[in-house]
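Structure first, commentary second.
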Protein chains: 2
Amino acid sequence: MTLALPDMICFALYSATHAMQHVYKPLLDDLGLTYPQYLVLTALWEQDKQTVGALGRQVQLDSNTLTPLLKRLEERGVVTRTRDDRDERQVNITLTDAGRALQGRAAHIPACVLEKSGLSLEDLTRLRDQITTLRDHLRGA
Amino acid sequence: MTLALPDMICFALYSATHAMQHVYKPLLDDLGLTYPQYLVLTALWEQDKQTVGALGRQVQLDSNTLTPLLKRLEERGVVTRTRDDRDERQVNITLTDAGRALQGRAAHIPACVLEKSGLSLEDLTRLRDQITTLRDHLRGA
DNA sequence: TGCGATTAAATCGTATGCGATACATATAGC
DNA sequence: GCTATATGTATCGCATACGATTTAATCGCA
């Protein structure tokens, strides 16, 4: 049995993710951020000063992806990277003033995405929860 | 207003897509395929001999991604790439015997994914349609 | 205390994605 | 028929993703 692309749930997720990033692109270009960088900053706006590992657990990325990404954010002056005093294996990521300032400039983005989605907030919330449930099943949780 | 990661529909899609690809990984490793390569072959199993552009419209990728991907599939002996006689701008992608043979070796994959999803076929189908609707809205269709 | 096992980041190699551009062929309008 | 435009691929540069390995620091336990 071979399913065609439109029948595959995996392709629905794959293409919807790309469509979503396409919506974010012009909004994030204004802030000079890429989409994964925006996710990392979202985690830091919620809780500042986190280790690379802690950030990775939230955005589901490992240090092989995060380290270069965080170095680019550091070069842009958005975060600082400092070795932890207690445990020198860990690197703490901290927002700079410029990094905190980006939160305000990004505040309008969720409403833009909601509008582009063409769905009500209720429908979108319900869909989000279903997708999250599927993800957790796939992860074997 | 700033949403936290777990509240964001975009992050649900993003992380679910990664989780899905993680499920496919060991299944596709057996076939020596990457996930996007598998999507392209799925389109070719449905309809052989398609141009780069036609494949791109189905998998939602442009030639900048497809050309190197198709060259790798050609190197593996899975497809052939030949200029069209009528219109030399176009390149026809055709399955080889080895490429067609992969369809049988991939036939068990949908059932594996269904099982890992932890959802019924009905629920999964309904979810797929909702995600597809969201995607089409985001694309501005 | 000392040393093997574990942990946290970083590094390396390969394969996407994608914006921007280049190149070749085909088409349209005169 | 000739040229301007349009179309289909390919190329280039940059930023993810991620498996595998490396390096440095900490921990566990005899």
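Would you check which residues across region A:113-141 are farther than 15 Å from B:Leu134 by Cβ and either more than 7 Å from every other protein chain (Cβ to nearest Cβ) or exposed (fewer than 14 other Cβ atoms within 10 Å of the Cβ) (or both) and list them? Quick ask: steps written out before the conclusion?
Initial filter on region A:113-141 (farther than 15 Å from B:Leu134 by Cβ): A:133, A:135-141.
Those that are farther than 15 Å from B:Leu134 by Cβ and either more than 7 Å from every other protein chain (Cβ to nearest Cβ) or exposed (fewer than 14 other Cβ atoms within 10 Å of the Cβ) (or both): A:Thr133, A:Asp136, A:Gly140, A:Ala141.
Among the candidates B:Val40, B:Val52, B:Val23, which residue alone is within 11 Å of DNA strand C (Cβ to nearest atom) and either in contact with an Asp or Glu (Cβ under 6 Å, 6 or more places away or on another chain) or among the hydrophobic types (A, V, I, L, M, F, W, C) (or both)? Can you show your working first?
Numbers: B:Val52 fails: within 11 Å of DNA strand C (Cβ to nearest atom); B:Val23 fails: within 11 Å of DNA strand C (Cβ to nearest atom).
Result of the check over B:Val40, B:Val52, B:Val23: B:Val40.
Could you give me the residue pairs with C-beta distances under 9 Å whose first residue belongs to region A:45-68 and is under 16 Å from A:Gln90 (Cα atoms) and within 11 Å of chain B (Cβ to nearest Cβ), whose second residue is more than 16 Å from DNA strand D (Cβ to nearest atom) and assigned to a loop (DSSP other than H, G, I, E, B) wherever it lies, and which are 6+ apart or on separate chains?
none
Filter region B:69-97 down to residues that are basic (Lys, Arg), more than 9 Å from DNA strand D (Cβ to nearest atom) and surrounded by 11 or more Cβ atoms within 10 Å (Cβ to Cβ), then give me how many there are. Let's see the steps before the verdict.
First pass over region B:69-97, keeping only residues basic (Lys, Arg): B:71-72, B:76, B:81, B:83, B:86, B:89.
Still in the running and more than 9 Å from DNA strand D (Cβ to nearest atom): B:72, B:76, B:86.
Checking which are surrounded by 11 or more Cβ atoms within 10 Å (Cβ to Cβ) leaves us with B:72, B:76.
So the count comes out to 2.
This table checks each residue for (1) within 15 Å of the chain's Cα centre (by Cα); (2) hydroxyl-bearing (Ser, Thr, Tyr).
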| site | (1), (2) |
| --- | --- |
| A:Thr17 | yes, yes |
| A:Pro36 | yes, no |
| A:Val52 | yes, no |
| A:Arg57 | yes, no |
| A:Asn64 | no, no |
| A:Glu74 | no, no |
| A:Arg81 | no, no |
| A:Val91 | no, no |
| A:Ala98 | no, no |
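Just the residues that are within 16 Å of DNA strand C (Cβ to nearest atom) and part of a helix (DSSP H, G or I), please, taken from region B:77-108.
Within region B:77-108, the subset within 16 Å of DNA strand C (Cβ to nearest atom) is B:77-79, B:81-93, B:99, B:102, B:106.
Within region B:77-108, B:Gly99, B:Leu102 meet the criteria.
Give the residues of region B:5-14 that are away from DNA strand C (no atom under 14 Å from the Cβ) and either within 15 Å of the chain's Cα centre (by Cα) or under 16 Å from B:Ile131 (Cα atoms) (or both), sorted by residue number. Outline the logic, then answer.
At the first step, the residues of region B:5-14 found to be away from DNA strand C (no atom under 14 Å from the Cβ) are B:5-9, B:11-12.
Those that are away from DNA strand C (no atom under 14 Å from the Cβ) and either within 15 Å of the chain's Cα centre (by Cα) or under 16 Å from B:Ile131 (Cα atoms) (or both): B:Met8, B:Ile9, B:Phe11, B:Ala12.
Any residue in region B:6-16 that is outside any helix (DSSP H, G or I) and exposed (fewer than 15 other Cβ atoms within 10 Å of the Cβ)? Break it down into steps so the answer makes sense when it comes.
Residues of region B:6-16 outside any helix (DSSP H, G or I): B:8.
With the extra rule that they be exposed (fewer than 15 other Cβ atoms within 10 Å of the Cβ), the set shrinks to none.
No, the conditions are met nowhere in region B:6-16.
Could you tell me which of the residues B:Tyr24, B:Tyr38 is buried (at least 16 other Cβ atoms within 10 Å of the Cβ), more than 27 Å from A:Gln58 (Cα to Cα), at pLDDT 95 or above and in contact with a Phe, Trp or Tyr (Cβ under 9 Å, 6 or more places away or on another chain)?
Working: B:Tyr24 fails: more than 27 Å from A:Gln58 (Cα to Cα).
The match here is B:Tyr38.
The values are calculated or read from the model by the stated rules, or taken from the named source; none is laboratory data. Computed from a predicted structure; not experimentally measured. Note that each Cβ is placed from the backbone with ideal geometry, even for glycine, and that neighbours are counted across all protein chains shown.
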